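Engineer: One structure, pasted below without further comment.
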Amino acid sequence: MVQKKNSDAAAEWRDNRKAFRDLQWFYERDYALRSVVGRYISVMRGDTWFDGGAHPNQHVDTIVWDNVARKRTNVRSFFSETTNNGPTMTTLAQLTKIAVAAAKLANGINGYGGDDGLSAERMTPEQELQRDTFINEGIKPKILGLGPLTLAPSTETGKSSGLTFHYSPYGVGPYVEGPYTVFVPWTKFQQYLLPQGAALFGGERPKDDKEAR
């Protein structure tokens, strides 16, 4: 990504220098440790850049690293089944959508295209979800359609309190809404976990983690 951005900027500087408008183009990447749960290490990766558009851009991705297998992995091995549109993915997608809808309402955002005059304070997350196409298009019931996720830390040492989903601007809403981080507690999906998956979860989300989101 860094090499591509540098190449694109050099080409633009060569062929269309006016596009820079006396503004500095840049590209930055940073990593942040999210949690260590058993053999799994969750890391957040953030990319920020400006390449001449109306505003800088942000992209959030996550890495769940299996420290025993020594490779990147996902949560597929935690669940008894992970078929696209199957019971597990459908449940996780719905839980995550509701969490995003609740976060939007908490920010005073009450969907798009609704004409019923309801304010955010008077709406439920379920009502918000019915009218917000950004959420429904951004989250799909499949392992790669849920969005970047990490194992959330827990009040119980060595455990995870659930899954945290990290959405970039444009991921589940227009750019002006910014990024979203939402949490789904493990008790909401425990029935779908394999024994080895269930062994990773326990406790509750720490207060300082809620405040940092």
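Engineer: Of everything in the stretch 114-123 that's of a type in the set (A, V, I, L, M) and surrounded by fewer than 18 Cβ atoms within 10 Å (Cβ to Cβ), which residue is modelled with the lowest pLDDT?
Structural biologist: The first filter runs over the stretch 114-123 and keeps only residues of a type in the set (A, V, I, L, M), leaving 118, 120, 123.
Retained after the next criterion (residues that are surrounded by fewer than 18 Cβ atoms within 10 Å (Cβ to Cβ)): 118, 120.
Numbers: Leu118: 71, Ala120: 75.
Selected residue: Leu118.
Engineer: Could you tell me which residue of the stretch 124-142 is surrounded by the most Cβ atoms within 10 Å (Cβ to Cβ), considering only residues that are in a loop (DSSP other than H, G, I, E, B) and modelled with pLDDT of 95 or more? Break it down stepwise before answering.
Structural biologist: Filtering the stretch 124-142 for residues in a loop (DSSP other than H, G, I, E, B) gives 124, 132, 139-142.
Subset that is modelled with pLDDT of 95 or more: 139-142.
Working: Ile139: 25, Lys140: 17, Pro141: 20, Lys142: 16.
Looking at residues that are in a loop (DSSP other than H, G, I, E, B) and modelled with pLDDT of 95 or more, I get Ile139.
Engineer: Considering only the stretch 87-110, how many residues are part of a helix (DSSP H, G or I), of a type in the set (Gly, Ala, Ser) and surrounded by fewer than 19 Cβ atoms within 10 Å (Cβ to Cβ)?
Structural biologist: Narrowing the stretch 87-110 to residues part of a helix (DSSP H, G or I): 87-106.
Checking the rest, the ones that are also of a type in the set (Gly, Ala, Ser) come to 93, 99, 101-103, 106.
Within this subset, residues satisfying the condition of being surrounded by fewer than 19 Cβ atoms within 10 Å (Cβ to Cβ) are 102, 106.
Looking only at that region, the number is 2.
Engineer: Out of everything in the stretch 158-197 that is farther than 28 Å from Leu129 by Cα and touching a residue at least 40 places away in the same chain (Cβ under 8 Å), what residue ends up being surrounded by the most Cβ atoms within 10 Å (Cβ to Cβ)?
Structural biologist: First, the residues of the stretch 158-197 that are farther than 28 Å from Leu129 by Cα: 158-159, 194-197.
Filter once more, keeping what is touching a residue at least 40 places away in the same chain (Cβ under 8 Å): 158-159, 194, 196-197.
Details: Gly158: 12, Lys159: 20, Leu194: 12, Gln196: 10, Gly197: 18.
In this case the residue turns out to be Lys159.
Engineer: Among the listed residues Val100, Val43, Val60, identify the single one that is more than 15 Å from Tyr180 (Cα to Cα) and at pLDDT 90 or above.
Structural biologist: Values: Val100 fails: more than 15 Å from Tyr180 (Cα to Cα); Val60 fails: more than 15 Å from Tyr180 (Cα to Cα).
Just a single option satisfies the conditions, and that option is Val43.
Engineer: OK, next. Applying the selection to the stretch 161-192, what residues are part of a strand (DSSP E or B), aliphatic (A, V, I, L, M) and in contact with a helix residue (DSSP H, G or I) (Cβ under 6 Å, 6 or more places away or on another chain)?
Structural biologist: Once the filter is applied, which keeps residues that are part of a strand (DSSP E or B), aliphatic (A, V, I, L, M) and in contact with a helix residue (DSSP H, G or I) (Cβ under 6 Å, 6 or more places away or on another chain), the stretch 161-192 yields Val182, Val184.
Engineer: Restricted to the stretch 29-40, and to residues that are within 19 Å of the chain's Cα centre (by Cα) and of a type in the set (D, E, K, R), which residue is modelled with the highest pLDDT?
Structural biologist: Arg34
The values are calculated or read from the model by the stated rules, or taken from the named source; none is laboratory data. Predicted, not measured: the structure shown is a model, and the values here were computed from it. In this analysis, Cβ positions are derived from the backbone assuming ideal geometry, glycine residues included, and neighbour counts consider all displayed protein chains.
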